[in-house]
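Take a look at the structure set out below.
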Amino acid sequence: AGVVGLAIGFGAQTLVKDFITGAFILFEDTISVGDVVTVAGQTGAVERMTVRTIRLRDVEGVVRTVPFSAVDIVQNLTKDFSYALLDISVAYRENVGEVAEMMREVGLAMGHDPEFRDLILQPIEIFGLDRFGASDVVVRGRIMTKPGQQWGIKRAFFARIKQVFDERGIEIPFPHTTLYFGVGKDGKAPAAPVQVLKTEGSWRSGATGHAAPKLPAVATAAEDPEDRRDVHAVPGDEDSRRPPRIDEDSGEAGGDSQPSR
């Protein structure tokens, strides 16, 4: 009986915590139905709230019910207004000032576009160079939007800035790898150990395994033009590979000279 009473006491304590926390959240208008929130590590749109639980549906349609006793921090992504945070990566060789100006140009153009101008509350802000990456530098900006519109604005901005970069030759970086084979004591670097393997019908690299285009057959020639070899000749058929001999007496081409009888 004592164990049962203790279990009921702990359960009642959690239930009471659910009710108290839920009452404060509802009273303070921290969350409303339709908001996109992150609570207890779960993110989704609020579909329903009671004094004990909150029901969320994520972007994949999964419904999660979270008890208020598990909620310690509430992140409301759609309260009053939102920000589309824009982190644009470019190669180290690019001019950061020019990239920032392109971002500003795209953001201002979206602010005048009938499709987006009613969703954007303030013009784009450019913070400038934000950080250095492994193969890129990141220029940061943001656009204030109506609640819940930040994701659509962000996708549209990325599509437009990509088009501008393509037109103006701005490199969008990708990971680079430098192979270092070392240097000998004489200061000379060894040759790269790349092996090319021939397979039936195609070539592939022994280092990468990627298929390479077929190469046309090229006939080889010795230094002496008179000593050319047919690379397609049958092995052992010396006569087929021997150039014709000019008969000095007759001036006609012929084979090996035969002794006169």
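The values are calculated or read from the model by the stated rules, or taken from the named source; none is laboratory data. Values in this document were obtained by computation on a predicted structure and should not be read as measured data. Virtual Cβ from ideal backbone geometry, glycine too; neighbours counted across all protein chains shown.
Every condition in (1) β-branched (Val, Ile, Thr); (2) buried (at least 16 other Cβ atoms within 10 Å of the Cβ); (3) touching a residue at least 40 places away in the same chain (Cβ under 8 Å) is met by VAL96 except one, and the failing one is (2). Would you check if GLY128 is loosely packed, with under 14 Cβ neighbours inside 10 Å and either at pLDDT 95 or above or outside the structural domain of ALA45 (by TED's automatic domain parsing) (or both)? Yes; evaluated as a whole, the condition is true for this residue. Taking residues in the stretch 39-58 that are on the phi > 0 side of the Ramachandran plot and of a type in the set (Lys, Arg), and partners anywhere that are surrounded by 14 or more Cβ atoms within 10 Å (Cβ to Cβ) and at pLDDT below 95, not one pair has Cβ atoms closer than 6 Å while being at least 6 places apart or on different chains. Restricting GLY201, GLY206, GLY182, GLY133 to those that are within 30 Å of GLY97 (Cβ to Cβ), of a type in the set (Gly, Ala, Ser) and modelled with pLDDT under 95 reduces the list to GLY133. Please verify whether the stretch 84-97 includes one or more residues that are more than 25 Å from the chain's Cα centre (by Cα) and either at pLDDT 90 or above or of a type in the set (Gly, Ala, Ser) (or both). So far as the stretch 84-97 goes, no, none of its residues is more than 25 Å from the chain's Cα centre (by Cα) and either at pLDDT 90 or above or of a type in the set (Gly, Ala, Ser) (or both).
Tell me yes or no: at least one residue of the stretch 136-157 is modelled with pLDDT under 95, within 21 Å of the chain's Cα centre (by Cα) and under 30 Å from SER82 (Cα atoms). Taking every residue of the stretch 136-157 in turn, at least one turns out to be modelled with pLDDT under 95, within 21 Å of the chain's Cα centre (by Cα) and under 30 Å from SER82 (Cα atoms).
Table: residues versus (1) more than 16 Å from GLN75 (Cβ to Cβ); (2) within 42 Å of the chain's Cα centre (by Cα); (3) at pLDDT 85 or above.
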{"residue": "GLY11", "(1), (2), (3)": "yes, no, no"}
{"residue": "ASP18", "(1), (2), (3)": "yes, no, no"}
{"residue": "THR38", "(1), (2), (3)": "no, yes, yes"}
{"residue": "GLY44", "(1), (2), (3)": "no, yes, yes"}
{"residue": "ARG57", "(1), (2), (3)": "yes, yes, yes"}
